[in-house]
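Just below is one structure, and these are the notes that go with it.
The values are calculated or read from the model by the stated rules, or taken from the named source; none is laboratory data. Here the structure is a predicted model, which means the values were calculated and not measured. Cβ atoms come from the backbone with ideal geometry, glycine included; neighbour counts cover every protein chain shown. With ligands, DNA and RNA removed, areas are computed over all heavy atoms of the protein, side chains included. Shrake-Rupley method; radii C 1.70, N 1.55, O 1.52, S 1.80 Å.
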Amino acid sequence: MTTRYLMLEARRAYRNKRFLIFTLAMPVVLFLIYVQMYGKGDINGVSVKAYLMVSMAAFGAMSGAMSAGTRIALERQSGWNRQLRLTPLRPVSYLVAKAAVAMLVAVPSVVLVYAAGALAAHVRLSPQEWAVSAVGLWLALIPFAVIGIVIGYVASPDSAQAIFPATFMTLSLFGGIFIPVEAMPKLMANIAQVLPSYWLGIIGRSPLGLAGFEWKAVPVLLAWTAVLTLIVVRRYRVDTARA
């Protein structure tokens, strides 16, 4: 039941044209533009091309991972959630399936931007660096998948369409996805280090630098995931009690 539901949810996400444009096409286009404009030199031992590649992959993957929120809000309004509660699908399976789909639909963003980096921008990394950066970046999206579910349980369909881009852009702009933290004023740089988007970028870029993998990012992202999961469980129980 869970596997069938997972596949159904994934097909629904990939049929959304707006999702395909903003999550798949836009990060690749922005990456290629930025490489032409700023693709020389390095930042902290990472070539600017590789830095931009990781940032734009993170940008698209965050959008995919958080996009579940709007769908959940629509399902709550339409009564689809109540119908699912009458099936053998357990609540925990429903929530896990939502998070799994969010992670699944984020994969193409990472693959496409990294492919553009290798083929069009000529980013040169070792096989291990490609693998650790891409897989690490993808795994670091877990808290963003949970953020999407939180939005789906605290917002109506109309407000979710406003909250999702506002949250997404705030995390992108202040977390160092569009503006390197090294170029930010000290106060903004300190704020960035509180956000999961900052550590998402660190996870993707640290295997490419001289200092090696930044393990400090792991407990930070786990803490975000734990807190957000508690919020999801609380909001799910409240939503179920109202129905």
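Observations, loosely collected:
- Flag for residue 9 being charged (D, E, K, R), assigned to a helix (DSSP H, G or I), open to solvent by less than 10 Å² (accessible area, probe 1.4 Å) and modelled with pLDDT of 80 or more: no
- For the stretch 109-123, the criterion of being in contact with a helix residue (DSSP H, G or I) (Cβ under 8 Å, 6 or more places away or on another chain), assigned to a helix (DSSP H, G or I), open to solvent by 30 Å² or more (accessible area, probe 1.4 Å) and of a type in the set (Phe, Trp, Tyr) is met by none of the residues.
- Neighbours by Cβ (under 6 Å, 6+ apart or cross-chain): first from the stretch 68-95, touching a residue at least 12 places away in the same chain (Cβ under 8 Å) and open to solvent by 40 Å² or more (accessible area, probe 1.4 Å); second part of a loop (DSSP other than H, G, I, E, B) and not small (Gly, Ala, Ser): 88/1
- Residues in the stretch 181-203 that are in contact (Cβ under 8 Å) with a residue 60 or more places away in the chain and under 18 Å from residue 60 (Cβ atoms): 197, 200, 201, 203.
- Odd one out for residue 136 among (1) out of contact with any helix residue (DSSP H, G or I) (no Cβ under 6 Å at 6 or more places or on another chain); (2) touching a residue at least 60 places away in the same chain (Cβ under 8 Å); (3) open to solvent by less than 40 Å² (accessible area, probe 1.4 Å): (1)
- Just one residue in the set 2, 70 is modelled with pLDDT of 80 or more and of a type in the set (Val, Ile, Thr); that residue is 70.
- Every condition in (1) out of contact with any strand residue (DSSP E or B) (no Cβ under 9 Å at 6 or more places or on another chain); (2) closer than 25 Å to residue 39 by Cα is met by residue 190 except one, and the failing one is (2).
- Entirely in the stretch 144-243, the helices (runs of 4 or more DSSP H) that have 2 or more residues that are open to solvent by 40 Å² or more (accessible area, probe 1.4 Å): 157-174, 186-192, 217-242
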